[in-house]
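The values are calculated or read from the model by the stated rules, or taken from the named source; none is laboratory data. All figures in this text were calculated on a predicted structure; none of them were measured in a lab. Every residue, glycine as well, gets a Cβ built from its backbone with ideal geometry; the counts of neighbours run over all protein chains shown.
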Amino acid sequence: MHILTFVGSLRAESFSRKLAVAAEATAPDGTRFTSTDARDLPHYDQDLDGDEKPAAVQTLLDQVTAADALLFVTPEFNYGIPGPLKNAIDWASRPAYRSPLKNKPALVISQSIAPTGGVRAHTQLVAVLGGTLTPIFNGPAFNVPAIHEKFDEAGALTDELVKARLTRTLEDFTTWARALGGDS
């Protein structure tokens with residue numbers, strides 16, 4: 001199974017990026033990952049959304065199309081979804097009702113230094129993806145609170161509970177995604 005990971009933060013050493021790396025390390029055998037952080041995308045502009053798309057947009061669309069499933073790992077910025085992540089979804093959601101996001105199985109993981117674990121961004125992201133006809137893995141919401149306490153200085157995930165939850169969730173998610181036909 002090929003999973004495209006959307007990293008919701010642009011910062012090179014972001015907790016979302018570290019959590020995405022940890023997810024990849026705990027994923028079931030036979031799972032491969034590519035990732036995007038939407039850094040190079042222009043702001044969504046319908047004037048640019050013609051037959052010939054900007055190169056970064058076409059790359060994103062090709063990545064989504066090639067993936068069997070999607071993983072969104074995001075922080076919460078000011079009680080919501082980070083702008084670059086929302087922008088990537090806006091680009092990938094075109095054309096409406098026929099986009100490469102349609103029927104692509106997805107898992108959402110949020111994180112925050114706050115005790116809520118990014119629950120508001122998680123909720124908003126699930127709602128936005130619902131509007132793109134992207135099926136979301138229906139399990140307990142995966143929110144990681146106090147994310148700044150979960151990694152060592154080298155960036156390795158040290159929290160055993162989060163590791164165990166990642167392992168189990170990714171096993172369940174990939175099984176579900178395959179059942180939906182999300183494995184080519």
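Does Leu71 count as at negative phi and more than 13 Å from the chain's Cα centre (by Cα)? Spelling it out, it is not the case that Leu71 is at negative phi and more than 13 Å from the chain's Cα centre (by Cα).
Quick grid of which residues meet (1) in contact (Cβ under 8 Å) with a residue 12 or more places away in the chain; (2) assigned to a loop (DSSP other than H, G, I, E, B); (3) over 13 Å from the mean Cα position of the chain (by Cα):
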| site | (1), (2), (3) |
| --- | --- |
| Gly50 | no, yes, yes |
| Gln58 | no, no, yes |
| Lys86 | yes, no, no |
| Ile89 | yes, no, no |
| Arg94 | yes, yes, yes |
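Of the residues making up segment 133-149, those that are under 14 Å from the mean Cα position of the chain (by Cα) and in a loop (DSSP other than H, G, I, E, B) are Thr134, Pro135, Phe137, Ala141.
Of the residues Leu41, Leu133, Leu101, Leu129, the single one that is within 26 Å of Leu157 (Cβ to Cβ) and surrounded by 15 or more Cβ atoms within 10 Å (Cβ to Cβ) is Leu129.
Of the residues contained in segment 56-78, none is found to be under 24 Å from Phe151 (Cα atoms), in contact with an Asp or Glu (Cβ under 7 Å, 6 or more places away or on another chain) and surrounded by fewer than 16 Cβ atoms within 10 Å (Cβ to Cβ). For Phe33, the test of being hydrophobic (A, V, I, L, M, F, W, C), out of contact with any Cys (no Cβ under 8 Å at 6 or more places or on another chain), within 17 Å of Leu157 (Cβ to Cβ) and at pLDDT 95 or above is passed. Can you confirm whether segment 11-34 contains a residue that is closer than 21 Å to Val64 by Cβ, more than 13 Å from the chain's Cα centre (by Cα) and outside any loop (DSSP other than H, G, I, E, B)? Yes, segment 11-34 has at least one match.
Restricting attention to segment 104-126, the residues that are under 13 Å from the mean Cα position of the chain (by Cα) and either surrounded by fewer than 17 Cβ atoms within 10 Å (Cβ to Cβ) or among the hydroxyl-bearing types (Ser, Thr, Tyr) (or both) add up to 1. Every condition in (1) more than 28 Å from Val162 (Cα to Cα); (2) touching a residue at least 12 places away in the same chain (Cβ under 8 Å) is met by Leu19 except one, and the failing one is (1). For Leu107, the requirement of being modelled with pLDDT of 95 or more, out of contact with any Pro (no Cβ under 8 Å at 6 or more places or on another chain), part of a loop (DSSP other than H, G, I, E, B) and closer than 17 Å to Phe6 by Cα is not met.
If you go through segment 32-50 and keep only what is over 18 Å from Lys86 (Cβ atoms) and either of a type in the set (Gly, Ala, Ser) or touching an Asp or Glu at 6+ places or on another chain (Cβ under 8 Å) (or both), you end up with Phe33, Gly50.
State whether one or more residues within segment 9-20 are buried (at least 20 other Cβ atoms within 10 Å of the Cβ), modelled with pLDDT under 95, over 13 Å from Trp91 (Cβ atoms) and among the charged types (D, E, K, R). Looking through segment 9-20, none of the residues is buried (at least 20 other Cβ atoms within 10 Å of the Cβ), modelled with pLDDT under 95, over 13 Å from Trp91 (Cβ atoms) and among the charged types (D, E, K, R). Contact annotation: residue pairs with Cβ atoms under 6 Å, 6 or more positions apart or on different chains, pairing a residue in segment 137-160 that is more than 30 Å from Asn103 (Cα to Cα) with a partner that is among the aliphatic types (A, V, I, L, M) and assigned to a loop (DSSP other than H, G, I, E, B), are Ile147/Ile113; His148/Ile113.
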